[in-house]
């Protein structure tokens, strides 16, 4: 897996967030003063865009919409926060910031279908009749940026009938 260059270190001010698109995958880079974190751009609570609602103060990233917060040095959840923050591995090299793959919990793409269409079917042992059908699914994605892009392309090109796919993050 290769490191992907996000930006120059000077491109993002201290205690701020900035969204980047790396190989079709949106990534939010956070400069929290003592270092950098690369994360998906949506709050894990209610998918609020963190480039608009994310506030960084004293190494704490807070989503101002519902006040979920994380310590960016330790990744500990603060206050009433109920879900961990997913992160990419990050390194600084020659004045630039690079990201590699997710660390921590594995990312999922949540697929919900409107109407009565079934997305996932579990078959009975005869492999001919359906035991259970679901209209939504959590699809695990590879942690590597390139592999995630490939997986989403396969999902939407080969398996979805939607006119326009929902953004993955």
*Please work out which residue is farthest from the chain's Cα centre (by Cα), limiting yourself to the range 36-52 and to residues that are over 15 Å from residue 13 (Cα atoms) and crowded, with 19+ Cβ neighbours inside 10 Å.*
50
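Answer yes or no as to whether residue 33 is touching a strand residue (DSSP E or B) at 6+ places or on another chain (Cβ under 6 Å) and either more than 17 Å from residue 99 (Cα to Cα) or surrounded by fewer than 15 Cβ atoms within 10 Å (Cβ to Cβ) (or both).
On the way: touching a strand residue (DSSP E or B) at 6+ places or on another chain (Cβ under 6 Å): no; either more than 17 Å from residue 99 (Cα to Cα) or surrounded by fewer than 15 Cβ atoms within 10 Å (Cβ to Cβ) (or both): yes.
No, not satisfied.
Any idea which residue in the range 67-89 is surrounded by the most Cβ atoms within 10 Å (Cβ to Cβ), counting only those that are without any contact (Cβ under 8 Å) to a residue 60 or more places away in the chain and not in a loop (DSSP other than H, G, I, E, B)?
Narrowing the range 67-89 to residues without any contact (Cβ under 8 Å) to a residue 60 or more places away in the chain: 67-87, 89.
Applying the additional criterion that residues be not in a loop (DSSP other than H, G, I, E, B) yields 68-71, 77-78, 87, 89.
Values: 68: 23, 69: 21, 70: 26, 71: 15, 77: 15, 78: 14, 87: 20, 89: 15.
It comes out as 70.
Any idea which of 55, 22, 12 is more than 18 Å from residue 97 (Cα to Cα) and surrounded by fewer than 20 Cβ atoms within 10 Å (Cβ to Cβ)? First the steps, then the outcome.
Working: 22 fails: more than 18 Å from residue 97 (Cα to Cα); 12 fails: more than 18 Å from residue 97 (Cα to Cα).
Within the list 55, 22, 12, the selection yields 55.
Where a number appears in this text, it was derived from the coordinates with a stated rule and is not lab data. Values in this document were obtained by computation on a predicted structure and should not be read as measured data. Neighbour counts are summed over all protein chains in view; Cβ atoms, including those assigned to glycine, are modelled from backbone coordinates with ideal geometry.
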